[in-house]
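First up is the structure itself, then whatever we jot down about it.
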């Protein structure tokens, strides 16, 4: 179950990205305000005055303190686990596991090579064992009758009957609902003698009380088998098979699309290595035409503006409305306002970040494909590392809960934000401003690594998600360095988020 995409191109890095000056093919960038003319010092050397800082030291200090206080507060007072941040954890996990189990059922009828490919991409842990582990974790954290039932069902399906009997004994003392579930489990898995009329009543209760899906259909099939109702059993098993085939076909389509991108990207990489495809796209110069002090002041003010506006959206209007969607879009505006003012005063334009629309859109498209292809390759590498070192996945890491349950208009709004607006804001902030500012003090490698680490940290994912975001931040920084433009990384970022959104909605909503 993969919910991250990472984008970038190591090829762009290897083709001269370590140079401290922009490629010679770049035309000169916008000239900054030269300021006062140089004066000769008493020693006979020219004393070249540096431009005065645009941002006040006091304002930068206050902004830094406020951002640090916010981050400290989040670290100290945030929920102990990611689970505590979810609004509907029981329903979230039921949806993820039921779809996974549907597809697992269909995979049993697939060819051996397809099952091997799926295991390779999903990791070495069996989906049933993984689901049991996730429900073990969930039932330790929250009190949920349905979650307890689903955990017992998964254990039974895995043949762990010894763990079932002891777990269900207390159910008879935990209320009427748990007593009904106890009867379901006994009839389905413990070979408890059940009269046909009683079995039909239990099946009706399951259909009325459980969400449609693998858990309900599996329980019905097991109870129907116990009372000899072959028609009901066949109907439930057929429903599981239909869903499993549908989701497996969708997974196949996604895999074919990803393989196509990898092949296309590989061909373009070969062209780059043969110098038949020129890489420079924009005219940004790195290091940029501003000082570290001004760059840091610009970045920290943009971050503070984002935190204030997004915080207001979260706490003033906690539930999704049209207003929260608009406020979320406005969160990135302060950065652009400060950036526009700064560039105007310095006699610069957005060309300083390589944001002028490129003249060669074909070249831009080809470089973007390379970034997306290498991002997919990076994801495969991370998957292999997870399997090799037996790293346990956390189902809450990268879970897009809003895409599961929000109304369609909110899902559409979220998709526009993540596919169009967020890539532009984040690339300007983390690559254009942060990475560019770091380049005034350090070389390409250290600046790319540090900016990628900050980029990953602010996303707040677990270990695997952190690795994915770090990889993308690293690759996009190197792409910016090599191409002199933010557009390839911005488009690759948007495609990355599009793939995540589309796959999650298609497979789990």
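Every number in this text was worked out from the coordinates using simple rules, so none of it is lab data. None of these values were measured; they are calculated from a predicted model. Positions of Cβ are backbone-derived with ideal geometry, glycine not excepted, and every protein chain shown enters the neighbour counts.
Here the spin labels are modelled as points 7 Å beyond Cα on the Cα-Cβ line, and at residue 136 and residue 442 they lie 4.0 nm apart. Size descriptors for the range 319-411 (Cα atoms only): Rg and Dmax, in that order, 20.3, 54 Å. Global size of the range 398-484: 14.8, 47 Å for Rg and Dmax (C-alpha atoms, Rg to one decimal, Dmax whole). Taking Cα atoms, how many degrees apart are the long axis of helix 361-388 and the longest axis of the chain, rounded to 10 and kept between 0 and 90? So the helix axis and the longest Cα principal axis differ by about 50 degrees.
Quick check: the angle from helix 292-316's long axis to the longest principal axis of the chain, C-alpha only, nearest 10 degrees? The two axes meet at around 30 degrees. When each of the peptides 59-66, 211-218, 98-105, 126-133 is scored by how many other beta carbons lie within 10 Å of its residues on average, the order from highest to lowest is 98-105, 211-218, 126-133, 59-66.
Approximating the spin labels as points 7 Å out from Cα along Cα→Cβ, the residue 241-to-residue 388 distance works out to 4.1 nm.
Taking a ≥ b ≥ c as the square roots of the eigenvalues of the alpha carbon gyration tensor, the range 87-244 is oblate, as a/c is not under 1.5 and a/b does not beat b/c. Relative to the longest principal axis of the Cα atoms of the chain, helix 57-77 runs at roughly 10 degrees. Judged by the mean number of other Cβ atoms found within 10 Å, the most tightly packed of the peptides 388-398, 485-495, 252-262 leads the ranking 485-495, 388-398, 252-262.
For the pair residue 157 and residue 506, label points projected 7 Å from Cα toward Cβ lie 2.4 nm apart. Counted residue by residue at 0.36 nm each, then reduced by the alpha carbon distance between them, the extension gain from residue 454 to residue 70 reaches 136.7 nm.
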